[in-house]
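Undergrad: Here's a structure for you.
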Amino acid sequence: MNPDGSIIASGGTDGSVDILESETGALLNTLLGHKESVAALAFSPTNRLVLASVSDDHTARVWELKERALSKSYWQSSYRIFQGHSAEISDVGFSSDGQTFVTASNDETLRLWDVRSGRTVRQFRGHKNDVLSVAFLRNEKHLVSAGRDKTLRIWDVESGATLKVLQGHTASVNGVAVGSNRVFTVGGYGSVRS
């Protein structure tokens, strides 16, 4: 859902991204471009019409939607393709200023991207298997990632260094979410931790 709650995006196994009106669920548009399944989506926190998508086709895309003045329909005006991962991309998250976003990939890396230039700002290496989830911590100076290697990693955004490796899950760590003062994880076998 975008920041003002007006639209919802949904990724499909056919590589499409549907844009839906949140009140009615009405389909406003379908964005086409990815060649394989869309794995995750994130709206920019600073622009309600900017959306990032990541896919099994090893790419991320940032879409800029344009709103028609006299109706509630949207259409794709432009998108930028972000390439660099060598395997499926599993997750995406924006920084709070909307200037950068981070992707997690099955190539065992994270990448921090500059939205405007389309370039990789930093690559993060350290996971020993697929990276399944990623999020900025509230201070924006750190990232937390979750992987199939059963670990969480805390990263320094500026240097790309691993600050801490957290273990404890007995299976892959499939998801991570950041609360006001906690990090929540979901692991294999249905375990949830904070």
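The values are calculated or read from the model by the stated rules, or taken from the named source; none is laboratory data. Because the structure is a prediction, the values reported are computed rather than measured. Using ideal geometry, Cβ is built from the backbone for each residue, glycine included, and neighbour counts are taken over all protein chains shown. What goes into the accessible areas is simple: the full protein's heavy atoms, side chains included, and nothing from ligands, DNA or RNA. Shrake-Rupley method; radii C 1.70, N 1.55, O 1.52, S 1.80 Å.
Undergrad: Just to be sure I follow: if Rg is taken over the C-alpha atoms of region 113-194 and Rh is the Kirkwood radius over the same atoms, what is Rg/Rh?
TA: Radius of gyration over Kirkwood radius for region 113-194 works out to 0.98.
Undergrad: Need one word for region 66-179: rounded, prolate or oblate. Basis is the Cα gyration tensor (sqrt eigenvalues a ≥ b ≥ c); a/c below 1.5 gives rounded, then a/b vs b/c decides.
TA: prolate
Undergrad: Right, something else. FRET efficiency for L27 and S86, Cβ-Cβ distance as r, R0 = 45 Å, nearest 0.05?
TA: 0.85
Undergrad: Let me ask something else. Sorting check: for 173-186, 27-40, which peptide has the highest mean count of neighbouring beta carbons within 10 Å, and how do the rest follow?
TA: 27-40, 173-186
Undergrad: Using a Gaussian network model on the chain with a 10 Å cutoff between Cα atoms, which of E88, E67, E108 fluctuates the most?
TA: So, out of E88, E67, E108, the one fluctuating most is E67.
Undergrad: For the full complex of protein chains and a 1.4 angstrom probe, list L20, L112 by accessible area with the highest value first.
TA: The ordering from most to least exposed comes out as L20, L112.
Undergrad: Modelled label-to-label distance, L20 and E64, 7 Å Cα→beta-carbon offset: nm?
TA: 2.8 nm
Undergrad: While we're here: Please list, or write none, the aspartates and glutamates whose alpha carbon is within less than 20 Å of the alpha carbon of K35, excluding same-chain residues fewer than 8 places away.
TA: D14, D18, D56, D57, E64, E88, D91, D107
Undergrad: To continue, here is another question. Report the normalised scattering of the chain as log10 I(q)/I(0) at q = 0.14 Å⁻¹, calculated by the Debye formula with identical scatterers on the alpha carbons.
TA: For the requested q values the scattering log ratios are -0.77.
Undergrad: Residues of region 1-157: accessible area per residue at 1.4 Å, in Å²?
TA: On a per-residue basis, region 1-157 sits at 45 Å².
Undergrad: With a 1.4 Å probe and every protein chain kept in, tell me what percent of the accessible surface of the chain is carbon plus sulfur.
TA: Result for the chain: 46 percent of the exposed heavy-atom area is carbon or sulfur.
Undergrad: How high is the FRET efficiency from R116 to S96, r the C-beta distance, R0 25 Å, rounded to 0.05?
TA: 0.95
Undergrad: Give, in nm to one decimal, the length gained when the segment between N47 and S6 is fully stretched (0.36 nm per residue of separation minus the Cα-Cα distance).
TA: Gain in length upon complete extension: 13.5 nm.
Undergrad: In addition: Contour minus end-to-end for R182 and D156, with contour as 0.36 nm per residue of separation and end-to-end as the Cα-Cα distance?
TA: Difference between extended and current length: 7.6 nm.
Undergrad: Let me ask another. Would you list the P(r) distribution for region 83-127, with all Cα-Cα distances sorted into 5 Å bins from 0 and each bin expressed as a whole %?
TA: 5, 25, 34, 24, 11, 2
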